[in-house]
Structures are given as structure tokens and as C-alpha cells.
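> Would you mind keeping the following structure in view while I ask a few things?
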Amino acid sequence: GLPARVRIHEVGARDGLQNEQATVPTEVKAEFVRRLAAAGLTTIEATSFVHPKWVPQLADAERLYPMVAGLDGVRLPVLVPNERGLDRALALGARRVAIFASATESFARANLNRTVDEALAMFEPVVARAKAADGHVRGYLSMCFGDPWEGAVPVHQVVRVCRTLVDMGCDELSLGDTIGVATPGHVTALLGALGAVGIAPEVLGVHFHDTYGQALANTFAALQCGVTTVDASAGGLGGCPYARSATGNLATEDLVWMLQGLGIDTGIDLARLVATSAWMAEQLGRPSPSRTVRALFPA
Ligand code: HMG
Ligand code: MG
């Protein structure tokens, strides 16, 4: 069966904007987050406290976070790769953090300058200290299905890192299809394998990129397995639709359209969300790649 309610974890301001060529002014980012909240999103990933040279698009995290921190009833998780990132987040009062591990060696090297296990060792004190500060920790896992250098990723390899992240104290995991190559049968197989080692769908979120147009089908497969947390990016932000290799996350509007049709409650005002993404597309100077945005807000 399908769940009665789904929680959307909005990643447009972080996963979306970290991949945009244009540098978006901090004021515009803050306005984007405010409009997302006004459209009914309650979990809005705000930014990352990573090395500014690695992700210059989010180098303004110190300025942005306080501008949006007061929003009523909104959770504003932030990414932290290491203790330095956690220090920066804690100093601003952030208590919801996300670490981000890799299921493959190639991406661990490319994204974190570490091996898979070195990266896990780097996260251990981050998780422990965040929990000690009464925080909530999300553990992302990238390349859960395929990797650009290594090809298809074996399910057991993903399960091993998930187990480590849960044992480390992560409150929830997010299974990342970083390059959008997953298909629904693969999703069902991975969720089944996780269930077999005692990692229930209640602690799992799914994080699909839409490179091959499979994100909604993959989401539907995950919902049927009991997952109720779905990551999405308003307007399908992320990557450049004109660049071959990079596309954004599943668009939040496309997700909401499907969930509404299924009678699943999200608490989101779709018209308001579409208007927000159309506004953001204007700021970025290009149309939104979301089919639902284009259908409901023709340019
Ligand atoms: P490194 O070069 O190995 O860093 O990078 P280091 O630990 O050797 O430190 C070098 C210097 O950087 C030091 O300064 C540190 O203080 C400083 P120095 O002492 O030499 O003057 N430094 C920092 N400064 C500010 N903030 C920090 C920080 N950390 C170190 N947090 C590091 C290692 C992890 C820092 C780097 O690789 C990094 O920042 N990576 C982030 C990459 C990233 O943000 N990727 C995108 C997010 S993941 C994603 O998008 C996938 C996801 O969406 C799911 C999916 O789709 O699969 C989540
Ligand atoms: Mg992502």
C-alpha cells in the first residue's frame, strides 16, 4: 500500500543552488527559502558549511543562515562534512545537520578527498558532538545505485555503509541516486536488502536526481516499500539543463503533482510553489526544467 502522508525534504536551496553556474545573491537565496516556507514546505535544507573553495556557490552560509533561521515551524538542516563545518553550524545555533558519505571510493575521493572509510571516520565525531548538543543528524549516502567512474554499485556495498551510518547514530538516512541512473526495480531491491539488515523504511529518505527521467517512478517504488520521506528540489533546480552530464533533483512540483493525484497529503500549496520556482527561474535567467512548472506557469 501507499502512505497517507509524505514529508518532503526540500533541497533546492542547497543541492540546487550548489550546482548553478550563476552565483545567486544571498538576499535572493533568503527570499527563496522564505517563499518555499510560505508554500508549505517544512523541511528546507538551507546551505552547506563546507570548504568555500570546494563549493563557492554556498560560501555565504554564515550570512544566509541567520537571515532564515527564525522561520516559524520550519526545519532548516545544513550540510557539514567535518568538525570544522559542525563548529560553524553550531556557532549559528543550527542543530539539524547532515553529513554526506559515499558508497563508492571514486566519489568519496572526488567529493571529500578521502577513502570511504576515512570519510566515515571523519563523520564519527561530527555525529557524536551533534547528538550531544541535542541535534538531529541526517546521513546522506551518495552513489547508491550507480557511479560515473565505477558503473553499477552492488547493493551489499551500499548496505554496509548504511549500517555504519545508523550504528554511528544518524537519526535518518537519505539514499542518493547522485547521477540519476536508478530504476524502480533497483530501488525495490536496495530497500529490501536494507530491511533484511534491520534498517526500516521509517528511517530512510530517498534522494533521486532526474537525469534519465526515472525519479518519479523510483519514488513511487520507494513509497510502495514504505518510505515516507522524499527529497526534492523546487523547480528541479540543480545542474544546467543545457549541459549533458548534470541535471537537477526530482522537481518538488512534479512530486507534489503525483502525490496529490494519489491522494497523499503533503501540506503544500502547489500554485504558490510553482510561482516560487517561476520567480527563481527568472532570477537564474533560464526556464525551470520541471514539467509541472511549465504546465502550470507557461512562460
Ligand atoms: P580537504 O581539502 O581534505 O580539507 O577537504 P582538510 O580537512 O585537509 O582541510 C584543509 C583546509 O580546509 C583547512 O584550512 C581547514 O580548516 C579548511 P587550513 O588549516 O589549511 O587553513 N576546512 C574548512 N573550512 C571551512 N569549512 C569547512 C572546512 N573543512 C576544512 N567545513 C572537505 C575536505 C570535506 C573539507 C572538502 O572536501 C569539502 O568541503 N567537500 C564538500 C563537497 C561538497 O559540498 N559536495 C556537495 C555536497 S554532497 C552532494 O551534493 C550529494 C547529495 O546531494 C546526495 C546525492 O545526490 O548523492 C548530498
Ligand atoms: Mg544530490
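> Can you tell me which residues in segment 17-59 are out of contact with any Lys or Arg (no Cβ under 9 Å at 6 or more places or on another chain), assigned to a helix (DSSP H, G or I) and near ligand 1 (Cβ under 10 Å from one of its atoms)?
GLN18, ASN19, GLN57
> So which of LEU173, LEU165 ends up being assigned to a helix (DSSP H, G or I), within 16 Å of ligand 1 (Cβ to nearest atom) and closer than 28 Å to GLY135 by Cα?
LEU165
> In segment 96-110, which residues are within 11 Å of ligand 1 (Cβ to nearest atom) and surrounded by 20 or more Cβ atoms within 10 Å (Cβ to Cβ)?
ALA98, ILE99, PHE100, ALA101, SER102, ALA103, THR104, PHE107, ALA108
> Oh, and also: Take segment 124-141 and flag every residue that is farther than 22 Å from VAL155 by Cβ and within 11 Å of ligand 1 (Cβ to nearest atom).
VAL126
> Something else about it: What number of residues in segment 143-162 are in contact with a Phe, Trp or Tyr (Cβ under 7 Å, 6 or more places away or on another chain) and either over 24 Å from LEU86 (Cβ atoms) or surrounded by fewer than 24 Cβ atoms within 10 Å (Cβ to Cβ) (or both)?
Number of matching residues: 2.
> From the residues in segment 142-162 that are of a type outside the set (D, E, K, R) and assigned to a strand (DSSP E or B), which one is nearest to ligand 1 (Cβ to nearest atom)?
This residue is SER142.
> Out of LEU165, LEU191, LEU173, LEU204, I need the residue that is touching a Pro at 6+ places or on another chain (Cβ under 7 Å), surrounded by 16 or more Cβ atoms within 10 Å (Cβ to Cβ) and at pLDDT 95 or above. Which one?
LEU191
> Does segment 238-251 contain any residue that is more than 16 Å from ligand 2 (Cβ to nearest atom), modelled with pLDDT of 95 or more and out of contact with any Asp or Glu (no Cβ under 9 Å at 6 or more places or on another chain)?
No - not one qualifying residue is present in segment 238-251.
> Among the β-branched types (Val, Ile, Thr) and closer than 19 Å to VAL137 by Cβ: which single residue out of VAL55, VAL78 fits that description?
Step by step, each of VAL55, VAL78 is checked, and only VAL78 is among the β-branched types (Val, Ile, Thr) and closer than 19 Å to VAL137 by Cβ.
> Something else about it: So is VAL137 in a strand (DSSP E or B), of a type in the set (Val, Ile, Thr) and in contact with a Gly (Cβ under 8 Å, 6 or more places away or on another chain) or not?
Here the answer is yes, as VAL137 does meet what is asked.
> If I filter segment 90-113 down to residues being among the polar types (S, T, N, Q) and in a helix (DSSP H, G or I), which single residue comes out as nearest to ligand 2 (Cβ to nearest atom)?
So the residue we want is ASN111.
> Looking at segment 127-136, which of its residues are surrounded by fewer than 24 Cβ atoms within 10 Å (Cβ to Cβ) and either touching a residue at least 60 places away in the same chain (Cβ under 8 Å) or in contact with a strand residue (DSSP E or B) (Cβ under 7 Å, 6 or more places away or on another chain) (or both)?
Selection gives VAL127, LYS131, GLY135, HIS136.
> Among the residues of segment 191-209, is there at least one that is within 15 Å of ligand 2 (Cβ to nearest atom) and in a helix (DSSP H, G or I)?
No, the conditions are met nowhere in segment 191-209.
> Ok, one more. Anything in segment 155-175 that is touching a residue at least 60 places away in the same chain (Cβ under 8 Å) and small (Gly, Ala, Ser)? List them, or say none.
Listed by number, the list holds a single entry, SER174.
> Under 19 Å from ALA89 (Cα atoms), within 16 Å of ligand 2 (Cβ to nearest atom) and touching a helix residue (DSSP H, G or I) at 6+ places or on another chain (Cβ under 7 Å) - does that describe any residue in segment 124-140?
Scanning segment 124-140 turns up at least one residue that is under 19 Å from ALA89 (Cα atoms), within 16 Å of ligand 2 (Cβ to nearest atom) and touching a helix residue (DSSP H, G or I) at 6+ places or on another chain (Cβ under 7 Å).
> Out of everything in segment 155-184 that is out of contact with any Ser or Thr (no Cβ under 8 Å at 6 or more places or on another chain) and polar (S, T, N, Q), what residue ends up being farthest from VAL230 (Cα to Cα)?
Checking each candidate, the answer is THR164.
> Across segment 63-84, which residue is farthest from ALA98 (Cα to Cα) among those that are near ligand 1 (Cβ under 10 Å from one of its atoms) and surrounded by fewer than 21 Cβ atoms within 10 Å (Cβ to Cβ)?
That would be ARG84.
The values are calculated or read from the model by the stated rules, or taken from the named source; none is laboratory data. Because the structure is predicted, anything quoted here is derived from the model rather than measured. Because the Cβ atoms are built from the backbone with ideal geometry, glycine has one as well, and the counts that use them run over all protein chains shown.
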